[in-house]
1. What residues qualify as long-range amide H neighbours of THR84, i.e. H under 5 Å apart, gap of 5 or more or another chain, H built at 1.01 Å from N?
2. Run the numbers on region 86-163 and let me know its relative contact order in percent, using alpha-carbon pairs under 8 Å that are six or more apart.
3. List the residue ranges in the chain for DSSP H helices whose C-alpha atoms run 20 angstrom or more along the long axis and whose Kyte-Doolittle average is -0.5 or above.
4. Mean-square fluctuation check for the chain, GNM, Cα pairs under 10 Å: which of ARG210, ARG24, ARG152 is largest?
5. Restricting to Cα pairs below 8 Å that are 6+ residues apart, what does the relative contact order work out to for the chain? Please round to a whole percent.
6. Would you mind calculating the relative contact order of region 27-97 from Cα pairs under 8 angstrom and at least 6 residues apart, reporting the percent as a whole number?
7. Measure off 7 Å from each Cα along the Cα-to-Cβ vector at ARG43 and LYS99, then give the distance between these two points in nanometres to one decimal.
8. Between ALA156, ALA37, ALA25, find the one with the highest GNM mean-square fluctuation for the chain; connect C-alpha pairs within less than 10 Å.
Amino acid sequence: MHITDQLEQTWQDRALDSIINIVRAPDGDFESIGELADALGDRQSLQKVVELLCGTPQGEQAFQKRPRLGDINLQKLYSLPTDTLGYAYANHMLKNNLKPLYAGHVENNLQFLGAHLTETHDIWHIITGCNTNILGEIQLEAFYVAQLYFTRFWLALLAKNLVKATIYDIEVSTKYMDAMAKGWLMGKQAKPLFGVEWNLLWEQPLENVRTSFNIILSDTCE
């Protein structure tokens, strides 16, 4: 077997193992999610995501500037008017006992892609209206797939949920498919969220921000 074929087979085996492990793990298990992200973070597919995101002025500018959220004062955001993006984000984080994530230093576009998505994940929850329960997570995962194109990681998370439903709880399959379909459609009709400098929008009314990105909420997330 050619060395390239051997490496491809090794990568595929590792990817399959990580998917099997996350199927067996409880929902929300961060260790298995991290292993999945590492296994599926191949340079070729990530580079395709970068190239497609650069196809919009917003995406191209984001990779040039590499904006970061920086330090976030949740208490300060929580003191904003209750209709603002900043308040909604702070309320979400404090209510769920979450802390803003900082992904560390970045030196290239692939690192920035991962860092930006990590740091803004909870903001995407707020913008899309997706809850943090399993249906909300599935809908947001489908939204990511619609917006990020060749993303093995988010597609694998969707596949994981379908496999778990098939094996462990077939009765949830219709709800899962509904959430997936609604998230996909929301992501396709929305303007790109990648590269937005959210920290410039904290004081804006949340509904105005959603309207500006053509976010049409679905009752699945509420």
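1. LEU206
2. Working: 45 pairs, mean separation 15.2, N = 78.
RCO, region 86-163: 19 percent.
3. Working: long enough: 3-24 (32 Å, -0.39); 109-128 (25 Å, 0.12); 134-148 (21 Å, 1.02); 152-168 (23 Å, 0.79); 173-189 (24 Å, -0.59).
Correct list, ordered by number: 3-24, 109-128, 134-148, 152-168.
4. Most flexible of the set in this elastic network: ARG24.
5. 25 percent
6. Details: 23 pairs, mean separation 10.2, N = 71.
The value is 14 percent.
7. With each label point 7 Å from Cα toward Cβ, the separation is 3.3 nm.
8. Comparing ALA156, ALA37, ALA25 in a Gaussian network model of the chain, the most mobile one is ALA25.
The values are calculated or read from the model by the stated rules, or taken from the named source; none is laboratory data. What you see is a predicted model; the values in this text were computed from it and never measured. Neighbour counts run over all protein chains shown; Cβ positions are idealised from the backbone, glycine included. These accessible areas exclude ligands, DNA and RNA; they are computed on the full protein's heavy atoms, side chains included. Shrake-Rupley method; radii C 1.70, N 1.55, O 1.52, S 1.80 Å.
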